[in-house]
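All remarks here apply to the structure that follows.
The values are calculated or read from the model by the stated rules, or taken from the named source; none is laboratory data. What you are looking at is a predicted structure, and each value in this text was computed from that prediction instead of being measured. Cβ coordinates were reconstructed from backbone atoms using ideal geometry, including for glycine residues, and neighbour counts include every protein chain displayed.
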Amino acid sequence: MNWQNNPPGSLLSGRILILDGAMGTMIQRFAPSFPPGNDGNNDILTLTQPELILSIHREYVQAGADIITTNTFNANAISQQDYGMQDQVYTMNFQAARLARESDARFVAGSLGPTNKSASISPDMNRPGVRATDFATLVGAYREQARGLKEGGVDLFLVETVFDALNAKAALFALSEEAPGMPVMLSATIADNSGRILSGQTLEAFLVSTAHAGLFSVGLNCSFGPDKMLPYVRILSRFAPGFTSAHPNAGLPDMFGKYTLSPEAMAQQVKPYVEEGLVNIIGGCCGTTPDHIEALAGMVRKNQAPLRRVPVRVEEGQPQRITLSGLEMLTVREEPAFLIAGERTNVSGSRKFARLIREKQYDQALEIARGMVRDGAHILDVNTDDPMLDAPTAMREFLFMLGSDPEVARVPLMLDSSRWEVLLAGLQCVQGKSIVNSISLKEGPEAFLRKAKLIKQYGAVPLVMAFDEQGQASTRERRIEICTRAFRFLVDQAGFEPHDIILDPNVLAVGTGMEEHRHFAVDFIDTVRYLKQNLQGALVIAGVSNLSFAFRGNETIREAMHAVFLYHAIAAGLDMAIVKPGAQPIYSEIPEPLRRAVEDVILDTDAGATSRLIEMAATINGPGQQEAGTVTREAWRDLDAEERLHHALAHGIEEYLEEDLEALCTTPAIDIVEHTLMEGMKRVGKLFGEGKMFLPQVVRTARTMKRAVSILQPRIEAEKNSKTSGNAATETVKGIIATVRGDVHDIGKNLVILVMECNNYKVSDLGVMVPAHKIVEAAIREQAAFVGLSALITPSLDEMVDVAGAMEKAGLTTPLLIGGATTSSLFTSLRIAPLYSGPVIHCPDAAGVVPVLAACTSKDPVERERYFTDLRASQKRMRDAYGMAAARKEYLSPAEARANKWVPSLSLAGQESCPCCGQHRVPDDFVPPFMGVQHVEIPFAKLRKHLDWDTFLHIWEVRESREQGKIAVEDAVRLLDDLIGGHYGDIAKVRAAAGFWPAVSTPDDHILFFAGDSSLHIVLDLPMERDLLRHADGSPNTSLADFIAAADPAHTPDHAGLFLLTASSPQLEKLAESMQKRGDVYNALILRTLLDLLAEAASEALHRELMVFSCGAPRGIRPAFGYPSCPDHTLKQSVVTMLQPADELGIALTSSCMLQPAASVCGMYISHPQAHYITVHKDPGL
């Protein structure tokens, strides 16, 4: 922003402006009395002794100060909390501004100090991830202070004595909200001779981190006397984009804490600042008085040195673009300087990192980051998008830990997420200027610009993916069109400089064998060349690992492809890439035959290039090469018949089954099944266990196996009848598996069965809603070697306990396997294992089932018993540890918890800003779109943009294989397209009921819904549960009822809503069953997973339709019954009856209140802007 024509700026064109000196030093001279409990609270004197403060201001004006700063250095809610004066903050600031105005000052600057807490530095050296405050709290405190100063009449603001850039960014964010367009001076304090501020940033990095704010001036104050500060003022003047300021101390304090540098000596030491043209504004800090300011003003008047001019361009030989910063700045110069963003701090890019983040082993996760920095990463890509994680919390916690390690924190960060709330959480944790990965135009220009402007407000750089309303760009023309359109929006409407824009034109896989993929790399490289020539200044980035997905498992081929691709892309102008640092070979050192073969694929030289590279890949045993994945389709047909069948199973190829099985016509069919085919299935099981195959592949394998057996079935029957086989069946381990009573979900169970069958276990599937006695009967009848129990909802956990008790009563000791989304090792150890004499094992996922079964059914009794002994010992340790932890937990009585209930923040009431548009959120301004119940249908086509594909990838256990994840998602999208296209009839729609009513909360935590405006006719009474855990930090014991206005005859009631929906229907259920019956297990599972996703997507879409702020952003929360905020499943009974009195939606409840069909959701709408999801902790003793 150009400030040279505003009042203070226009004066600076002709002379240096003089800032006043220390307020605290002058107050100490007068030794004033303070109100009780406020000793040392200088800011309160504005209210208790205004004459004293006004007299000090006037002394500085008479001494020659052009700018008088208000007596508000600590007048913020955070600092004033120490004195219990936080309720006086607005008044302090308003009156301080008025007093300064009365001093006849030319300009009044509202002083905003750093507060006494840091958002970047832990207050406890033993807990580096802890913070004493957070960004949102700082913003709230600064907004209140800024409002008082602005309304009191200040001309500009001075954010001073900054020791933490994140605190400063919070202040700048608050000022952009409360006082947009007003000049802001920013002044940092150097901590020591290292030249860094206390939070570790270099001065250069600090300037980069705050450059987004369009500052009037940036400067230094405090810390040193003028002589020690001079070297840093030189750096400041060299890099500052606008006016500069300095107000040093009067030297350093002596042993008695007194500042002894005289006014004359200080003026002499400041003289180089003026003679070298380093500053535009000069003043004093600690120890300075009106005499010091008078001496400085006199020295400045007499000096004839040229004034410092605001630089219009950077000097020759200096960095031309300072784009990013961590604790240190990262410079991009005019000449190409290729940057590497390390990809291993991404839960999707590193299995180890994902595990460590899930286990909260942040110190070990930090080692991965440290390794990438040592290997040459300029930037770290951080992603915590895992459905099993609270991604925003994981992002915050890891970034705080990362910020405590100077070696890692020195580099800038790339905050990577597909979820906007995760990106916001990250932006509120970083001091530096980071990259936000990513935004796109797929939701249209309004959403794109809203997010882009907020990114700029946080001082970050947007990374734009080449998506728009029509989808992903895959051609050169579409890439150029979308990137150019986004660039113009960012420059022309969002105010970004071109060099603060990063474009990602989408690297797509080549070498797949598909004709339409051949030109992807060439198109990308051509796009880079165009963008660099036509969108001057913009940076272009590539996510390189996508390129080589077709060769997953052969790292030699993959890294060669990456190196060759980067060689050509960098030559075209590519600026950055997301890769594993140090993994790429040097282009010239790749063996010439391999380099030529790879180059032919990358540059698409001819139609046979992919075939040649595939043939070469079959001869290269690179590290991590997949055992079953490197023989080409053509080559495997030359193998013998048994190996061809093994290959067909591993790749799910059914085309040649009849031919290859016929080639074994002299082998008994039973032998083919039990030896040849089962050997192939064992190989698949081994690869799956090693993480080299993924669930979609395993499901296809199972489908191929069933097809092969069906082809052989006539031969098997004939051989049985003629007794020609002469072979006894080999021993197969048999077991049963069931979803327990009250639960209808079976997706996870069916996937586990497939994995078991692929590993030669015979499984009897008892289905869903199976009561305990049926499971026990089946276990005895089938002589099961194991019993598996599955459940999704919390009440079903008690059913599992009942099954264990029933098995114990029947005298069984069969291994009992526990699995499902709500289960855990802890629950298994605490609640189930003590009730059953046999082993009880928790299996968190399908991959973990096979080694458990191998141990449980081992033919070596010593090995088997050792496993069981270790298991029981581990579970006992877990119970003991839990008992010790539980003993330390304190629970409140319901009355005590209600006394500590959540109450709205008065400081935020009517002031909290929408993160999308900045408009204030007012608690009681919600007007329901309708009253009573309405039924709606939502076409699947309208839900595409709301589908959570991360959840899909998690269910299918393919998050760590982008290639297999892509295949599974493509299959799901294909099925969705068929549904939407009417291939199965008019069934592609969600059916929903929603309603709104006047509502109030009661003192005993009930939410009452009324008919019409009358409080006499209660139509629904929902008792809410309250969190009873005593929190160490004193945080509230919240109930959802706290977010609903209390019953009060003097006030109108609040409004609340209810909703019920299902993505399934009788026709869709029959479709899934028919797929299952005809052996298409894969698509049956895809369909059921898709319906679950559509139900959640409909819940999100309906929320956004019915509960929005005026800008269109969703408001409030939609807690579902049976989840942590509202764990009582039984509340569904009255809600389901109320919303579908005539069974219009076809939704029923099981005995444990599970919604049926499974792809259904039921919950509430709560509109309060400060409402948030909670976890209800129950007292286990009640």
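Of the residues making up the stretch 12-28, those that are under 47 Å from the mean Cα position of the chain (by Cα), modelled with pLDDT under 95 and outside any loop (DSSP other than H, G, I, E, B) number 3. Scanning the stretch 457-488 for residues that are more than 25 Å from Asn546 (Cβ to Cβ) and surrounded by fewer than 20 Cβ atoms within 10 Å (Cβ to Cβ) yields Gln457, Arg488. Those residues that are in contact (Cβ under 8 Å) with a residue 60 or more places away in the chain and aromatic (Phe, Trp, Tyr), I need them from the stretch 254-284; list them, please. Tyr259 - this is the single residue of the stretch 254-284 that is in contact (Cβ under 8 Å) with a residue 60 or more places away in the chain and aromatic (Phe, Trp, Tyr). Of the residues screened, Gly326 is not one that is at pLDDT 90 or above, within 25 Å of Phe565 (Cα to Cα) and surrounded by 24 or more Cβ atoms within 10 Å (Cβ to Cβ).
Only a single criterion out of (1) surrounded by fewer than 13 Cβ atoms within 10 Å (Cβ to Cβ); (2) out of contact with any strand residue (DSSP E or B) (no Cβ under 8 Å at 6 or more places or on another chain) is not satisfied by His1017, namely (2).
Considering Gly37, Gly24, the condition of being on the phi > 0 side of the Ramachandran plot, surrounded by fewer than 22 Cβ atoms within 10 Å (Cβ to Cβ), in contact (Cβ under 8 Å) with a residue 24 or more places away in the chain and assigned by TED's automatic domain parsing to the domain that holds Gly214 is satisfied by Gly37 alone. Residues of the stretch 843-857 that are touching a Gly at 6+ places or on another chain (Cβ under 7 Å) and part of a helix (DSSP H, G or I): Ala847, Val850, Pro851. Selection of the stretch 186-212 for residues being farther than 19 Å from Ala119 by Cα and under 33 Å from the mean Cα position of the chain (by Cα) yields Glu204, Ala211, His212. When Phe565, Phe551 are checked against the criterion of being touching a Gly at 6+ places or on another chain (Cβ under 7 Å), surrounded by 18 or more Cβ atoms within 10 Å (Cβ to Cβ) and aromatic (Phe, Trp, Tyr), a single residue qualifies: Phe551.
Residues checked against (1) at pLDDT 95 or above; (2) hydroxyl-bearing (Ser, Thr, Tyr):
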| position | (1), (2) |
| --- | --- |
| His519 | no, no |
| Asp523 | yes, no |
| Tyr530 | yes, yes |
| Ala538 | no, no |
| Ala550 | no, no |
| Asn554 | no, no |
| Arg558 | no, no |
| Leu566 | no, no |
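Across the stretch 593-606, the qualifying residues are those that are within 14 Å of Val522 (Cα to Cα) and not polar (S, T, N, Q), and the one among them that is nearest to the chain's Cα centre (by Cα) is Ile602. For the structure I just gave you, tell me whether Ser548 is closer than 23 Å to Met372 by Cβ and among the polar types (S, T, N, Q). Criteria met by Ser548. The helices (runs of 4 or more DSSP H) found wholly in the stretch 744-842 and carrying at least 1 residues that are over 30 Å from Asp880 (Cα atoms) occupy 747-758, 772-781.
So that you can scan it fast, the table gives a plain yes or no per residue for (1) under 21 Å from Leu186 (Cβ atoms); (2) modelled with pLDDT of 95 or more:
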{"residue": "Gly40", "(1), (2)": "no, no"}
{"residue": "Leu52", "(1), (2)": "no, yes"}
{"residue": "Tyr90", "(1), (2)": "no, yes"}
{"residue": "Asn116", "(1), (2)": "yes, no"}
{"residue": "Pro123", "(1), (2)": "no, no"}
{"residue": "Pro128", "(1), (2)": "no, no"}
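So in the stretch 330-346, with the set limited to residues that are more than 14 Å from Ile541 (Cα to Cα) and assigned to a strand (DSSP E or B), which one is modelled with the lowest pLDDT? Filtering the stretch 330-346 for residues that are more than 14 Å from Ile541 (Cα to Cα) and assigned to a strand (DSSP E or B), the one modelled with the lowest pLDDT comes out as Thr331.
Would you be able to say whether some residue in the stretch 966-981 is in the same structural domain as Ser1039 (by TED's automatic domain parsing), at pLDDT 85 or above and not in a helix (DSSP H, G or I)? There is at least one residue in the stretch 966-981 that is in the same structural domain as Ser1039 (by TED's automatic domain parsing), at pLDDT 85 or above and not in a helix (DSSP H, G or I).
Whether any residue in the stretch 537-552 is without any contact (Cβ under 8 Å) to a residue 24 or more places away in the chain, assigned to a helix (DSSP H, G or I) and within 23 Å of Met414 (Cβ to Cβ) is what I want to check. So far as the stretch 537-552 goes, no, none of its residues is without any contact (Cβ under 8 Å) to a residue 24 or more places away in the chain, assigned to a helix (DSSP H, G or I) and within 23 Å of Met414 (Cβ to Cβ). Just one of the numbered conditions (1) surrounded by fewer than 19 Cβ atoms within 10 Å (Cβ to Cβ); (2) more than 13 Å from Ala22 (Cβ to Cβ); (3) in contact (Cβ under 8 Å) with a residue 60 or more places away in the chain is not true of Asp291; which one? That leaves (2) as the condition not met.
For the stretch 155-174, the criterion of being assigned by TED's automatic domain parsing to the domain that holds Gly110, surrounded by fewer than 20 Cβ atoms within 10 Å (Cβ to Cβ) and not in a loop (DSSP other than H, G, I, E, B) is met by no residue. Can you name the number of the only condition in (1) within 48 Å of the chain's Cα centre (by Cα); (2) among the charged types (D, E, K, R); (3) crowded, with 17+ Cβ neighbours inside 10 Å that Lys271 fails? Of (1) within 48 Å of the chain's Cα centre (by Cα); (2) among the charged types (D, E, K, R); (3) crowded, with 17+ Cβ neighbours inside 10 Å, only one is false for Lys271: (1). For the stretch 108-119, the criterion of being within 22 Å of the chain's Cα centre (by Cα), within 18 Å of Ile197 (Cα to Cα) and crowded, with 24+ Cβ neighbours inside 10 Å is satisfied by at least one residue. In the stretch 294-304, which residues are crowded, with 21+ Cβ neighbours inside 10 Å and in contact (Cβ under 8 Å) with a residue 60 or more places away in the chain? The answer is Leu296, Val300. Within the stretch 999-1017, does at least one residue satisfy the condition of being polar (S, T, N, Q), assigned to a strand (DSSP E or B) and out of contact with any Pro (no Cβ under 7 Å at 6 or more places or on another chain)? Yes, the stretch 999-1017 contains a residue that is polar (S, T, N, Q), assigned to a strand (DSSP E or B) and out of contact with any Pro (no Cβ under 7 Å at 6 or more places or on another chain). Scanning the stretch 777-803 for residues that are among the aliphatic types (A, V, I, L, M) and under 16 Å from Gly735 (Cβ atoms) gives Ala778, Ala779, Ile780, Ala784, Ala785, Val787, Leu789, Val803. Mind checking whether some residue in the stretch 82-97 is exposed (fewer than 15 other Cβ atoms within 10 Å of the Cβ) and either in a loop (DSSP other than H, G, I, E, B) or among the basic types (Lys, Arg) (or both)? There is at least one residue in the stretch 82-97 that is exposed (fewer than 15 other Cβ atoms within 10 Å of the Cβ) and either in a loop (DSSP other than H, G, I, E, B) or among the basic types (Lys, Arg) (or both). For the stretch 744-751, the criterion of being outside the structural domain of Leu1090 (by TED's automatic domain parsing), at pLDDT below 70 and over 27 Å from Ala806 (Cα atoms) is satisfied by no residue at all.
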